[in-house]
Structure formats: structure tokens, C-alpha cells
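A.B. asks: To start, I am sharing the structure in question, which I have written as C-alpha cells.
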Amino acid sequence: MLLPKGGVNWKSTKARFPPYRAVIHYFTRFRTLAFTALAVVVLILWGGISTSSREMQRFYCWGPAKAPMEMSTNEQAQWHAHLQTPVLFNHHAPIEVESPAIQSVDLNGIMSTPRAALNQERVLILTPLRDAAPFLNKYFDLLSELTYPHELIDLAFLVGDSTDDTLAVLSSELDRVQKRSDGTPFHSALIVEKDFGQIVGQSVEERHGFKAQGPRRKSIARARNYLLYTALKPEHSWVYWRDVDIQDSPGKILEDFMAHNKDILVPNIWFHRYEGGRDIEGKFDYNSWIESDTGRKLADSLPKDVILAEGYKEYDTKRKYLVTLGDWRNNKDEEVELDGIGGVNILVKADVHRSGINFPCYAFENQAETEGFAKMAKRAGYQVVGLPNYVVWHIDTEEKRGNLGSRPAY
């Protein structure tokens, strides 16, 4: 190729370029634009296919073309040799219930523990009443002295077959206690009215006579059960049965009992009787006892519908009574296993009652009411424990030897 005479310079080089308009015309031709567009489309598709291939490899099921249940152990290993098969969990959305007629109660958090006050455990105090007007003022004075937080205590009473002013006095005393300025009112109070047609009188001779015990204890058992099932609420952890005719008891009785962490617990029940200027410290409750071989043989010899009334000379059971085992001067935390209990003071874990352990108003293993309650609880595997040296003082009912026993003023 021959170079120009003047050599290579910018003018000569520029002269060889195609005209500007020719270049514009070339790149704006249809064929050129179509080719460029096709090339762009091919590049985009190629990139998408490459990405899809990589993604597909993540979910590719390696191994033989068989259902997993038909594979051998080696084929299963080959199946899982690469990436695992993804699993999608279908978490259900919550169901929103808007009907006010539907309620939900969760009892899983209701516990009965030795540290009840710290855990804010609710207590239900139950007292059946019949012709009890003379005892109510003292009853509420002692109740007000309880050191367990009053805002955690619910009160419930059943008034039935009364001929005196029990209902009016009870209402007045409740109003007085709840309005006291020197103490915290109780969380709530409930009065239940129910007559059972009680035909046994309220004199000492009639109430505690041997012949009256069967019908009377059946009636008291019904009253206890009516009161229990009316007043017990899901939030209650403990049920404390307390007779109205108690003369004296420690203010910390609930905390003292709860610390033992027993299913059913009763104290010893004594009374003060002053004769000749001295206190004889009488033993009151002969319904808390330990079964004996003589008692078992006697029960086996009786018809099944006969109620064995304890503490009477007509039935010599030779059982060991809680009142004869202890002394209030000794260790108050000493425990003994019992087979029967009285009803003056009983602390029960609420779940025991919820499990169906109540007060039989019929002969259960020849016992009824609180003694039948203890028998039923032990049959179900619950612990029934007495504190021989922890004494609660009952009023003196002027009982005579051989005619002893404890029943509420009902």
C-alpha cells in the first residue's frame, strides 16, 4: 500500500472515514435494529435459564424413580445424598371466638403450695349453720384475726332449718366485718339458704344422742356438699372448713396448716371446762381417729347401710383417737396419719374436692359425713393427716363421757 506523499496525517485519515450520515443510516436500518434486539433477548433468556437451572438443582430429587416407602436402605442413602427435600409447615391462624356465651377456664395454673400467700393462692372458708346466732359474733372476731391476706379469702355460709335469727345475725356480722376500718375486708362473702327438713333438735341431748347420729350426720353431709358445690370457684386453691362454735384458735392457723402441704389436714380439738377453779382441758373431737383391728372387724359385722357412730359406748372400736395422742405444749408440727376426721377444722386442697371427694350422705364403709370423707379420700390415694399437738379450742358443750363427738352447730 502506497502512503501519500505528505505522509499520514489526521486529514488523510479522516478522509477515509465514511460520512457521518452514512454511519447513522447504517445503524438505523431495520435489519441492524432487529439483529441488536434479538441479541439482547437471547442474552436475557440465557441468563434466566442459567439462574433457573441453579435453583432447580436445589429441589432436584436425586436417586431412583421410586416412592420413598419402596426404596431399600442403599436407595434411601442415595436419595438423601444431595440436598434435603424442603418441608413446609402450615401454622394455623388463631381462632377468634366472639360469642359472650362461650367461656374458658384454665385450671392448670391453680396450685396448692406451702407458700400460698406468696403465690397469691385463694382460700374458700366454708361454714354450715343452723340455729347458730349466739356463736356468730365470736366466730367473726376470730375470723378477723386471721393473718392470711383477707383479699385472698372468700367466705361462704349455708343457713338451713334454723328456728332462730341466724340469717339476720349472719348478715349483720358480715356487714360489720366488711366495713371495719381497722382491717382489710375479705374478698367476697356468699350466703346460701337451703332447708333439708332436719328433724333432730339442737339441744345437747338431742344433737349428740347416739340414736340421732345416723340421720343427723347424713343431713350435715348434704349441707356440706350443697355449700361446697355452690361456693367452690375455679380460682380457689384451698378449702377451709371451720365450725361456728370455736372458742379460740391461732391467727396464723391457715399458714401453719398450709406449711405441711398435705391433701387433708386437721388439728386436735379440745375445750376448756372450769371445775373447782381449775381448767380440766377437756378432749372434744373423738371423730379423728386411727383405725384398729377391732374397728375393722366391727365394720365387717355390720350391715353396709349402718353408720358406725364413733365415740359412743354402743360401738367399742378401740380406735386410737387424735385427742389422746397429743398435748398443746409439745411440738405443734408433729404429724400422724388418720383414717377418720372430725369437722371442726379441716384444710383441704381444692383439687381433692374437684376430684369428687365429698361428704357421703350415706354409709360409705360404714361411715358418713367427715369420717366417710376421710375414708373416701384414703381410698382415692390422698393423705389424711392430723396434728396431735396443734390444738383448736371448741366451746364446752357439756358433753358427758361416752357421749362425745364433734359436729357443727347445724
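A.B. asks: Looking at segment 272-314, which of the residues that are in a loop (DSSP other than H, G, I, E, B) and exposed (fewer than 10 other Cβ atoms within 10 Å of the Cβ) is nearest to the chain's Cα centre (by Cα)? Outline the logic, then answer.
C.D. replies: Here is the first cut: in segment 272-314, the residues in a loop (DSSP other than H, G, I, E, B) are 272-273, 276-277, 280-281, 284-288, 291-292, 302-311, 313-314.
Now restrict to residues that are exposed (fewer than 10 other Cβ atoms within 10 Å of the Cβ): 276-277, 303, 305, 313.
On the way: GLY276: 51, GLY277: 50, PRO303: 38, ASP305: 34, LYS313: 42 Å.
Taking the candidates together, the pick is ASP305.
A.B. asks: Looking at PRO134, PRO128, can you tell me which residue is touching a Phe, Trp or Tyr at 6+ places or on another chain (Cβ under 6 Å) and either over 20 Å from LYS252 (Cα atoms) or assigned to a loop (DSSP other than H, G, I, E, B) (or both)?
C.D. replies: Criteria check complete, one pass: PRO128.
A.B. asks: Quick check on segment 315-328. Is at least one of its residues without any contact (Cβ under 8 Å) to a residue 40 or more places away in the chain, on the phi > 0 side of the Ramachandran plot, in a loop (DSSP other than H, G, I, E, B) and surrounded by fewer than 22 Cβ atoms within 10 Å (Cβ to Cβ)?
C.D. replies: If we filter segment 315-328 for residues that are without any contact (Cβ under 8 Å) to a residue 40 or more places away in the chain, which is where we start, we get 315-321.
Okay, now just the ones that are also on the phi > 0 side of the Ramachandran plot, so 318.
So of that shortlist, the ones also in a loop (DSSP other than H, G, I, E, B) come out as 318.
Filter once more, keeping what is surrounded by fewer than 22 Cβ atoms within 10 Å (Cβ to Cβ): 318.
Checked against the condition, which is being without any contact (Cβ under 8 Å) to a residue 40 or more places away in the chain, on the phi > 0 side of the Ramachandran plot, in a loop (DSSP other than H, G, I, E, B) and surrounded by fewer than 22 Cβ atoms within 10 Å (Cβ to Cβ), segment 315-328 yields at least one hit.
A.B. asks: Ok, one more. Give just the number: which of (1) touching a Phe, Trp or Tyr at 6+ places or on another chain (Cβ under 9 Å); (2) within 20 Å of LEU158 (Cα to Cα); (3) at pLDDT 95 or above; (4) open to solvent by 60 Å² or more (accessible area, probe 1.4 Å) does LYS218 not satisfy?
C.D. replies: Failed condition: (3).
A.B. asks: Is there any pair linking a residue in segment 23-45 that is polar (S, T, N, Q) to one that is open to solvent by 70 Å² or more (accessible area, probe 1.4 Å) and at pLDDT 80 or above, with Cβ under 9 Å and at least six apart or on different chains, and which?
C.D. replies: Sorted first by the residue in segment 23-45, then by its partner, the list stays empty.
A.B. asks: Hey, another quick one. Quick one: in segment 329-357, which of the residues that are in contact (Cβ under 8 Å) with a residue 60 or more places away in the chain and open to solvent by 30 Å² or more (accessible area, probe 1.4 Å) is nearest to the chain's Cα centre (by Cα)?
C.D. replies: Step one: of segment 329-357, the residues in contact (Cβ under 8 Å) with a residue 60 or more places away in the chain are 329, 332-333, 335, 338, 341-354.
Restricting the remaining residues to those that are open to solvent by 30 Å² or more (accessible area, probe 1.4 Å) gives 329, 332-333, 335, 349, 351, 354.
Details: ARG329: 35, LYS332: 28, ASP333: 25, GLU335: 25, LYS349: 9, ASP351: 6, ARG354: 9 Å.
Among them, the one singled out is ASP351.
A.B. asks: Just to be sure I understand, how many residues within segment 14-60 are of a type in the set (Ser, Thr, Tyr), open to solvent by 100 Å² or more (accessible area, probe 1.4 Å) and at pLDDT 70 or above?
C.D. replies: Looking only at that region, the number is 0.
A.B. asks: Show the residue pairs meeting these rules: Cβ distance below 6 Å; 6+ apart or different chains; first residue within segment 364-377 and in a helix (DSSP H, G or I); second residue of a type in the set (D, E, K, R).
C.D. replies: GLU369/ARG217; LYS375/GLU365
A.B. asks: List every residue pair whose Cβ atoms lie under 6 Å apart, where the two residues are 6 or more positions apart in sequence or sit on different chains, the first residue falls within segment 181-205 and is open to solvent by 50 Å² or more (accessible area, probe 1.4 Å), and the second residue, located anywhere, is at pLDDT 90 or above and hydroxyl-bearing (Ser, Thr, Tyr).
C.D. replies: LYS194/TYR226
A.B. asks: Condition (residue is more than 22 Å from ASP243 (Cβ to Cβ), modelled with pLDDT of 95 or more, open to solvent by 80 Å² or more (accessible area, probe 1.4 Å) and polar (S, T, N, Q)) applied to segment 70-91: is it met by at least one residue?
C.D. replies: Taking segment 70-91 first, the residues more than 22 Å from ASP243 (Cβ to Cβ) are 70-91.
If we keep only those that are modelled with pLDDT of 95 or more too, we end up with none.
Within segment 70-91, none of the residues are more than 22 Å from ASP243 (Cβ to Cβ), modelled with pLDDT of 95 or more, open to solvent by 80 Å² or more (accessible area, probe 1.4 Å) and polar (S, T, N, Q).
A.B. asks: Give the residues of segment 212-264 that are among the β-branched types (Val, Ile, Thr) and farther than 17 Å from TRP393 by Cβ, sorted by residue number. If you could, list the steps in order and put the result at the bottom.
C.D. replies: If we filter segment 212-264 for residues that are among the β-branched types (Val, Ile, Thr), which is where we start, we get 220, 230, 239, 244, 246, 253, 264.
Correct list: ILE220, THR230, VAL239, ILE264.
A.B. asks: From the residues in segment 371-390 that are open to solvent by 10 Å² or more (accessible area, probe 1.4 Å) and among the aliphatic types (A, V, I, L, M), which one is nearest to ASN261 (Cα to Cα)?
C.D. replies: Applying the filter and picking the extreme gives ALA380.
A.B. asks: Next question, about the same structure. Which of the residues that make up segment 276-297 are closer than 19 Å to TRP328 by Cα and at pLDDT 95 or above? Show your work before the answer.
C.D. replies: Residues of segment 276-297 that are closer than 19 Å to TRP328 by Cα, as a first pass: 278-289.
Hits for segment 276-297 are SER288, TRP289.
The values are calculated or read from the model by the stated rules, or taken from the named source; none is laboratory data. All of these numbers come straight from a predicted model, not from anything done at the bench. Every residue, glycine among them, receives a Cβ derived from its backbone with ideal geometry; neighbour counts consider all protein chains shown. What goes into the accessible areas is simple: the full protein's heavy atoms, side chains included, and nothing from ligands, DNA or RNA. Shrake-Rupley method; radii C 1.70, N 1.55, O 1.52, S 1.80 Å.
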